[in-house]
Structure formats: structure tokens, C-alpha cells
Amino acid sequence: MTTTDDGASTRTGRPARPRRTGPATAALARASAPLACAAAVACLSLSLVPHPAASGRQAATGAPRPGPSAADRGSLVLRADRLVLRGARFRGTATVRTATGTVRAVKLTVRSLDAVDLDLTAGRGRAALRLRARPATTATLKGQGATGEVTLYVRKLSGRVTGVGGGPLPAHRALAVTPDAVPRWLARPAGQTRTITLVSATVTQVVQRGGRLSVKGAELRAAPR
């Protein structure tokens, strides 16, 4: 995975020297180690974990299946004024193994993700840090590799739906997707890809695999308590 911040790049596993050093930067690395997220823009190396491929029957039915392992040392919450998931496809639910036990997550794949006014909080308590993009800019996560996709395992995705790839909007515009509550229009027909646009979006994420992230004017600081 490669991340960029106004043109600067680093590769996962070979971190460049961070712009800011000290306890705060170290805390973010500990809090978000299993999550390949925008904290990597601050030149932190984050580990990605492979997961077994699901069978065709599992993918079609959306039945829970084994997902990646992750040393879940903290939490990550992504907020955006506007979130666009391009080429989004619902892949069912998965069980994610963490250091504190297993959790269920919704599995999605996207070709790219655009977040306007990106605001990320990683970790909890004293270890929590906040990363924000420059106001009125768009952070972009793009898929790479043979599939050109990014895989997301999320605990919850919420916001107000304003676009579904040119199709009719759902009757209930307020969206709150969890492993136990997946709207029919997202799950059916199975395997369909679409562009989903949300406003006032919030994503609680467990694991993200693959992709190239670009953030303009990233600012990293300790989260307010």
C-alpha cells in the first residue's frame, strides 16, 4: 500500500521519517496498528492482514464467514461531510478475530472512496489522535493491484443517502448499516456494484485492505478528551 500527502509517498513496511515525533505519534501507531488508514499519511507504518477467500455460495448469500485477524488495540472512526463509495459491492458479513475476541463486521469492496472534509479519530483515551484534512478538500482512497479494489470491514456505516448510482433513492434516506441491519437495496441483487453517496457520514472501521490513499494538508494532533 502507498499513501500520499501532497505528493509525498511512503510504502507500508518501510516508513519514512515522520514530520512529528514524540509520544503522540507513537500512541497513534499503537492505537491503529491493525488499520491501514489515513494515519499512514503521517508516515506511520500500519500492518494489513490477509483473509481467506469466501466461497461463491457464501458471497452470494452474505452468510457470516471468517475474516482477517487483527490485533485490535483501539478504534477508528471516520467522519466526512460527504462520502462517495464508487463501485461499491456488498460482500456479506465476516467474523474478525481480534486480541479481545471476535467481532462481526460488514464486508464491502470499492474501487475508490472519496471523503470531503475527512476527519479521523484513532484510538481511545490518552492514545487517541485525530487526523484532519485541509477544509473543503477531498481525500481519496483508490484500489490497486489485479482487482483494483479496496476491501473494507466496517462495524457501522451511517449517513444520509443522496445518490445510488443514478438509480432510485431508497424510501428511508437515513442509513445505518451494521452486521445485523443491512438494507435490502444494498444486499440485493447480490454482486451488484454501484456508486453510493452519503452526507454527514460516519464509518466505524475494523480493517481495511489494499489501496492508495491521498490526503491534502493532513494535520495530526491529540484528540480532545
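Nothing in this text is a laboratory measurement; each read-out follows from the coordinates by a stated rule. Computed from a predicted model, the values in this text were never measured in an experiment. All Cβ positions, even for glycine, are placed from backbone atoms using ideal geometry, and neighbour counts span all protein chains on display.
Within a Cβ distance under 13 Å of residue 172, other residues only, what is the Lys/Arg minus Asp/Glu net charge?
+3
Amide H neighbours of residue 216 under 5 Å, at least 5 residues apart or on other chains, H built in the peptide plane: list them.
Long-range HN contacts for residue 216: 134.
For region 143-158, just list the computed ³J(HN,Hα) in residue order, Karplus coefficients 6.51, -1.76 and 1.60, θ = phi - 60°, integers in Hz, with x standing in for Gly and Pro.
x, 9, x, 5, 8, x, 10, 10, 9, 10, 10, 10, 7, 7, 10, 9
What does the charge count around residue 191 come to, taking other residues whose C-beta lies under 12 Å from its C-beta (Lys +1, Arg +1, Asp -1, Glu -1)?
On the way: positive: 89, 91, 188, 194; negative: none.
So the environment of residue 191 carries a net charge of +4.
In square nanometres, what is one fourth of the surface area of the convex hull spanned by the alpha carbons of region 142-225?
7.8 nm²
Just need the Rg to Rh number for region 80-225, please, alpha carbons only, Kirkwood Rh. Could the numbers behind the result be given before it?
Working: Rg = 15.3 Å, Rh = 16.0 Å.
Radius of gyration relative to Kirkwood radius: 0.96.
Sticking with the crude label model, points 7 Å out along Cα→Cβ, report the distance from residue 174 to residue 199 in nm, one decimal please.
1.6 nm
How big is the dipole moment of region 129-199 about its Cα centre under a simple scheme where the beta carbon of each Lys and Arg is +1, that of each Asp and Glu is -1, and everything else is neutral? Debye, nearest 20, please. Kindly include the intermediate steps, with their values, before the conclusion.
On the way: 11 positive and 2 negative charges, 56 e Å.
That gives a dipole near 280 debye.
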